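The values are calculated or read from the model by the stated rules, or taken from the named source; none is laboratory data. None of the values given here were measured: they were computed from a predicted structure. Ideal geometry is used to build each Cβ from the backbone, glycine not excepted, and the neighbour counts take in all protein chains shown. Accessible surface is based on the protein model in full, side chains and every heavy atom, while ligands, DNA and RNA are left aside. Shrake-Rupley method; radii C 1.70, N 1.55, O 1.52, S 1.80 Å.
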Amino acid sequence: MTGHAKRWLLFAVVAALPVLFILLPIASFLITSFFRVEGGVILADPNLSNYGAFFGNWTYLGTFLGTLWLCLQVVLLSIALGYPVAWFIWRRSGTVRYALLLLAVMPLFMSYIVKLYTLRAMLGLNGLLNQMLVGIGFLDGPSQFFLFNQRAVLITMTVIYLPFVILPIFLSLERIPRGLLSASADLGAGAFDTFRRIVLPLSLPGTIAGGLFAFVLALGDFVTPQMVGGTTGFTIGRVIWSQFGLAYNWPFGSAISAVLLAVALLIIGLGGYAASRRRV
Amino acid sequence: MIKLKPISRRTFVAGAAALIASPAIVRAQEKKLRILGWEGYVEPEWLDPFKQATGAEVSIVYVGSADEMFAKMQGSKGADFDVVSFDTSIFPRYIDAGLIAPLDLSKVPNTANLAPEFREVAAIQRDGKQYGVPFGWGSLPLIYDADAFPTAPDSWAVMWDPQYAQQMIAQDDANNCITWGALASGIANPYNLSDADFETVKAKLIENKKLLLSYYAGFDEGVTLFADNGIKLMYSMGEPQVPALKAKGVNAALAIPKEGAPGWLDCWTVSTGAVDVDLAYAWINACLDSTTGKALTQKTAFGNTTNTEVNTAAGMTYGAKLSWLLPAENYEKRVAVWNEVKAA
């Protein structure tokens, strides 16, 4: 066997897994999205009717736009909370810093479903949050303000996806050479100026990456809205889910998934482009 | 000294194959029954006597949904199972797919034990032939907190009363909720809706949605939400939610409102791919034994079709008030309308 053939063989072996488990499934739902269902049978009859049905019906398009808006809120809130946390951890030194970092990402070791149930218990009428607010006298009695509405979805998703935002921001902060901070101080910049002109721009790629993580994870999450969102917890993920059971409209479900994938890729692409332009 | 003849590779392989195959050869002469059904339908109370009486070996496969069951039968064209149980509304689908055939009821003498209301069920008959034997039933009733309602609510209208806003939950199931909305709107046949009916039902369900605290998916989820959030009323997924709520300290009770509640009736039937057809009939016969019905109701809280006294003792006297499930006009449309309600 020549070296060339060997290289190809090696490539085929390495590529087999991603092709088998990522590319083929994606290709299969992309293809299915052009089929149609008649009388409970999927017909391989290529057409665009599923995409027409999606973009032509406000129930689906409106739900999709609502979901995008929700995800954007999750991103903004989790960066607003995650950036200060990452910055605080970065400013510590030695073992304290890594102990804190470990604490921040600790929730990732826990099952997603367990976190959902815990959060629901905490936000509920008899939950920790209400007890605290009543205890400090902020509320007169327990309130349903925090559970079974869009606020609950926002709070829960932000809490669950926060570690995915903190980690990349911390990593980008850590890559900033300490010399740059000293130089900035030597040149007379105050703490705020240093942050604004050195730290923030240099940590922007990590911040964008963290935001993208939160966005994509929230976009595909169809369990959180159902569990804590009450009657308003209806997102595009739930619409897709509903096409694969009783309705047996796999092609339509695949078409909505394809739109979702395209939008996610577009946003990742834009984010990546923005991040690369910021690289110094 | 005895010299052992070394075993050749070929002899060894042949011997090993015979050794491995021998239990299968013996087993082939034994009776074997393959059951496909729901959890709670094959319990030791009637399985053990059946095994003793027939000497048969029994394998059981349980499913989590009606779709999964159909897929399993369709996948093997019925050849993987001898006897199967599903609800009356799905019978046309199985008959059309050729997965079940008319039954020979002379092989099920215990049909004489059936309570009168289960002897002639139109939904499991076609062209005068019977395709199933009724076994278990239940409903999707209104469950309420008896501390808040000393007398049981008699109408679904209570779930449209703003007085109970945010103290009510409903199951999240497209088909069941459309049927429910149709019943609450007073539509005569909730399984065959016209486009105008769909509009009525949609408006009705959107009105209800504003008053609900949440929808729930799954038996336990409904019980948990009810118990943790001071819920007073629930469109339930079935009778067993009442004992589950009581176990959580809720003084729960159920009611069948005057508009009716969806009811389901599961029936045993023989697969066209059955290997031992007589054994399959023997199983169905054993399931209609009067002791079986008693054990089914007392153990699983499902209604039985043979022992009326036990049903009465368990409070399951409302069979006549139920709106028995039928095949719906268009499941795809039901899912679409339900999505519109949820997106509203």
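Computed values, structure above
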quantity: Given (1) open to solvent by less than 80 Å² (accessible area, probe 1.4 Å); (2) within 28 Å of the chain's Cα centre (by Cα); (3) in contact (Cβ under 8 Å) with a residue 24 or more places away in the chain, index of the condition A:Leu81 fails; calculated: (1)
quantity: Counted residues, segment A:207-237 - those being without any contact (Cβ under 8 Å) to a residue 60 or more places away in the chain and closer than 30 Å to B:Ile90 by Cβ; calculated: 2
quantity: Filter pass, B:Gly249 being within 14 Å of chain A (Cβ to nearest Cβ), on the phi > 0 side of the Ramachandran plot, more than 15 Å from the chain's Cα centre (by Cα) and modelled with pLDDT of 90 or more; calculated: yes
quantity: Unique match (being within 20 Å of B:Ala282 (Cα to Cα), touching a helix residue (DSSP H, G or I) at 6+ places or on another chain (Cβ under 7 Å), in a strand (DSSP E or B) and aromatic (Phe, Trp, Tyr)) among B:Phe86, B:Phe50; calculated: B:Phe86
quantity: Any pair with Cβ under 7 angstrom, 6 or more apart, that starts in segment A:242-256 at a residue that is more than 10 Å from every other protein chain (Cβ to nearest Cβ) and within 14 Å of B:Ala66 (Cβ to Cβ) and ends at one that is small (Gly, Ala, Ser) and open to solvent by 10 Å² or more (accessible area, probe 1.4 Å); calculated: none
quantity: Residues that are of a type in the set (S, T, N, Q), touching a helix residue (DSSP H, G or I) at 6+ places or on another chain (Cβ under 9 Å) and in a loop (DSSP other than H, G, I, E, B), drawn from segment B:124-155; calculated: B:Ser155
quantity: Some residue of segment B:225-232 being surrounded by fewer than 21 Cβ atoms within 10 Å (Cβ to Cβ), under 20 Å from B:Trp38 (Cβ atoms) and within 12 Å of chain A (Cβ to nearest Cβ); calculated: no
quantity: Selected residue (only one of B:Gly238, B:Gly181 is in contact with a Leu (Cβ under 6 Å, 6 or more places away or on another chain), more than 13 Å from chain A (Cβ to nearest Cβ) and open to solvent by less than 10 Å² (accessible area, probe 1.4 Å)); calculated: B:Gly181
quantity: Condition met for A:Thr63 (within 14 Å of chain B (Cβ to nearest Cβ) and closer than 26 Å to A:Leu261 by Cβ); calculated: yes
quantity: Candidates B:Thr179, B:Thr224 - the one that is under 21 Å from A:Ala247 (Cα atoms) and of a type in the set (Val, Ile, Thr); calculated: B:Thr179
quantity: Output for segment A:147-175, where each listed residue is of a type outside the set (A, V, I, L, M), within 14 Å of chain B (Cβ to nearest Cβ) and open to solvent by less than 30 Å² (accessible area, probe 1.4 Å); calculated: A:Phe148, A:Asn149, A:Thr156
quantity: Hits in segment B:204-220 - residues which are more than 8 Å from chain A (Cβ to nearest Cβ) and open to solvent by 20 Å² or more (accessible area, probe 1.4 Å); calculated: B:Lys204, B:Ile206, B:Glu207, B:Leu211, B:Gly218, B:Phe219, B:Asp220
quantity: Extreme residue, farthest from the chain's Cα centre (by Cα), among residues of segment A:205-234 that are open to solvent by 10 Å² or more (accessible area, probe 1.4 Å) and within 14 Å of chain B (Cβ to nearest Cβ); calculated: A:Thr231
quantity: Tally, over segment B:296-326, of residues that are open to solvent by less than 30 Å² (accessible area, probe 1.4 Å) and either within 14 Å of chain A (Cβ to nearest Cβ) or part of a helix (DSSP H, G or I) (or both); calculated: 7
quantity: Any pair with Cβ under 6 angstrom, 6 or more apart, that starts in segment B:327-344 at a residue that is more than 7 Å from chain A (Cβ to nearest Cβ) and under 19 Å from B:Asn189 (Cβ atoms) and ends at one that is assigned to a helix (DSSP H, G or I) and among the aliphatic types (A, V, I, L, M); calculated: B:Arg334/B:Ala174; B:Arg334/B:Ile178; B:Trp338/B:Ala174
quantity: Selection status of B:Ile124, within 30 Å of B:Leu105 (Cα to Cα) and either of a type in the set (Asp, Glu) or open to solvent by less than 30 Å² (accessible area, probe 1.4 Å) (or both); calculated: yes
quantity: Any hit, segment B:59-70, residues being under 10 Å from B:Gly273 (Cα atoms) and either surrounded by fewer than 17 Cβ atoms within 10 Å (Cβ to Cβ) or touching a residue at least 24 places away in the same chain (Cβ under 8 Å) (or both); calculated: no
quantity: Single residue of A:Ala44, A:Ala86 found to be closer than 30 Å to A:Leu167 by Cβ and among the small types (Gly, Ala, Ser); calculated: A:Ala86
quantity: Candidate set from segment A:119-130 (those that are in contact (Cβ under 8 Å) with a residue 12 or more places away in the chain and among the aliphatic types (A, V, I, L, M)); member that is nearest to the other protein chains (Cβ to nearest Cβ); calculated: A:Leu125
quantity: From A:Leu133, A:Leu116, A:Leu108, residue being within 12 Å of chain B (Cβ to nearest Cβ) and either open to solvent by 70 Å² or more (accessible area, probe 1.4 Å) or aliphatic (A, V, I, L, M) (or both); calculated: A:Leu116
quantity: Hey, B:Gly260 within 28 Å of B:Leu36 (Cα to Cα) and among the small types (Gly, Ala, Ser) or not; calculated: no
quantity: Which numbered condition A:Ala80 fails, given (1) closer than 19 Å to A:Ile155 by Cα; (2) within 14 Å of another protein chain (Cβ to nearest Cβ); calculated: (2)
